[in-house]
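To start, the structure under review is shown below, and the notes come after it.
The values are calculated or read from the model by the stated rules, or taken from the named source; none is laboratory data. A quick note: this is a predicted structure, and the numbers were derived from the prediction, not measured. With ideal geometry, Cβ positions are generated from the backbone for all residues, glycine too; neighbour counts draw on all protein chains shown. The accessibility values were calculated without ligands, DNA or RNA, using every heavy atom of the protein model including side chains. Shrake-Rupley method; radii C 1.70, N 1.55, O 1.52, S 1.80 Å.
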Amino acid sequence: MNEEIVNNIRNYCKELKLGTNIVRSIGTIQAESHEEFLAKVLEIEIKHRETTRKNRYLKQAGFDVIKTFENYKFEHIEIPISLTIDALKSAEFVNKKENLILYGPVGTGKTHLAVAVGVAACMNNMKVKFFRTAALVNELIDAKNNGTLKKLLKQIDQVDLLICDEWGYIPIDIEGAKLLYQVIAGCYEKKSIILTTNLEFSKWNSIFFDEKLTNAILDRMVHHSHLLIFDGPSWRLQNSLMKYN
């Protein structure tokens with residue numbers, strides 16, 4: 001392909017606002033026909049848009065730190081027969097609007113697994129939002145006070161997977177509990193939720209201080225949920241720089 005044609009194609013790509021990777025690759029594309037050349041150009045653009053979209057989903061998810069399944073160990077996790085490791089790694093359960101409740105002591109890998117599933121969901125073109133539960137409640141209260149609650153709830157409603165980390169670590173006042181219930185109720189059978197918690201169900205009332213509200217949240221969370229129990233030692237303590245005798 002002569003240089004003039006290559007330059008013309010590059011200019012057309014710029015005018016059409018196609019990816020800069022196409023502009024850079026034009027001169028290196030090998031094709032035996034115009035049709036094959038066009039197909040390869042479109043393939044490059046599709047891959048570029050997919051990568052851009054996945055990166056955008058990862059950024060919008062709000063993960064504190066990106067975690068993946070690489071080197072993640074499942075031997076200290078009790079996984080129900082209704083769920084497989086492959087379903088976790090592919091975030092397949094999200095398509096079914098199912099939930100995960102990750103229960104166990106601190107430091108046993110619950111947050112890591114929740115984030116890894118969230119990252120996998122982003123890679124499968126799903127929208128994810130990650131919150132520390134206390135931070136979510138604070139955002140909800142601030143949004144209500146600022147008159148932007150409807151906007152925040154709409155943003156949450158647009159995701160496929162909501163991750164609430166450290167559920168129950170900090171008690172929530174009645175206003176926060178009601179707002180959190182509104183989120184859970186809005187997600188029920190419409191999207192998936194992942195909770196990480198160190199509190200057994202019988203102690204959830206100590207979070208919300210309202211038995212009826214606690215039961216309403218439990219009712220919606222437990223239905224369509226898979227319970228994963230983490231019973232191993234604290235990974236953080238085992239790998240701490242501070243060694244105990």
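Projected label points at Lys73 and Asp157, each 7 Å from Cα along the beta carbon direction, are separated by 4.5 nanometres. Taken per residue, the accessible surface of segment 77-239 reaches 48 Å², heavy atoms only and a 1.4 Å probe.
Out of the total accessible area of segment 77-239 (probe 1.4 Å, heavy atoms of protein only), what percent is carbon and sulfur? Carbon and sulfur: 51 percent of the exposed surface of segment 77-239. Take each peptide in 184-193, 74-83, 131-140, count the other Cβ atoms within 10 Å of every residue, and average; sorted highest first, the result is 131-140, 184-193, 74-83. Computed extension length for Glu35-Asn146: 34.4 nm, one decimal, from 0.36 nm per residue of separation with the Cα-Cα distance subtracted. When segment 140-214 is described by a simple charge dipole with +1 on each Lys and Arg Cβ and -1 on each Asp and Glu Cβ, the residue from Gln158, Gly168, Trp204 located farthest towards its positive end is Gln158.
Full extension of the chain between Ile174 and Asn95 gives 25.2 nm of extra length, using 0.36 nm per residue less the Cα-Cα distance.
Over segment 117-224, the fraction of Cα-Cα pairs per 10 Å bin, rounded to whole percents and listed from the shortest bin up, is 14, 49, 32, 5. Spin-label model, Asp64 to Glu43: label points 7 Å out along the Cα-to-beta-carbon direction sit 4.3 nm apart.
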